[in-house]
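The values are calculated or read from the model by the stated rules, or taken from the named source; none is laboratory data. Computed from a predicted structure; not experimentally measured. Please note: Cβ atoms are built from the backbone with ideal geometry, for glycine as well, and neighbour counts cover all protein chains shown.
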């Protein structure tokens, strides 16, 4: 899935953890990765996100912990 398609499906802006920061969105994608502004985990909508489901991702809190590939590398 390319970033343009992911952004259309992305629900990051509705997440309790999300704060607006330089048009950051779709943190689960390797092209975006974790936020430079978000630092507090307040809740996570990733498991219900269409992008998360379509891509078969397993992790959460991409905005703080990094994209799927980054989180897999930390294990």
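Here are the numbers for this structure:
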item: Selected residue (criterion: modelled with the lowest pLDDT) from residues of segment 57-75 that are exposed (fewer than 14 other Cβ atoms within 10 Å of the Cβ) and in contact with a helix residue (DSSP H, G or I) (Cβ under 9 Å, 6 or more places away or on another chain); result: 74
item: Subset of segment 46-56 [in contact (Cβ under 8 Å) with a residue 40 or more places away in the chain and either surrounded by fewer than 18 Cβ atoms within 10 Å (Cβ to Cβ) or farther than 22 Å from residue 21 by Cβ (or both)]; result: 50, 54, 55
item: Within segment 16-36, tally of residues that are touching a helix residue (DSSP H, G or I) at 6+ places or on another chain (Cβ under 9 Å) and surrounded by fewer than 12 Cβ atoms within 10 Å (Cβ to Cβ); result: 3
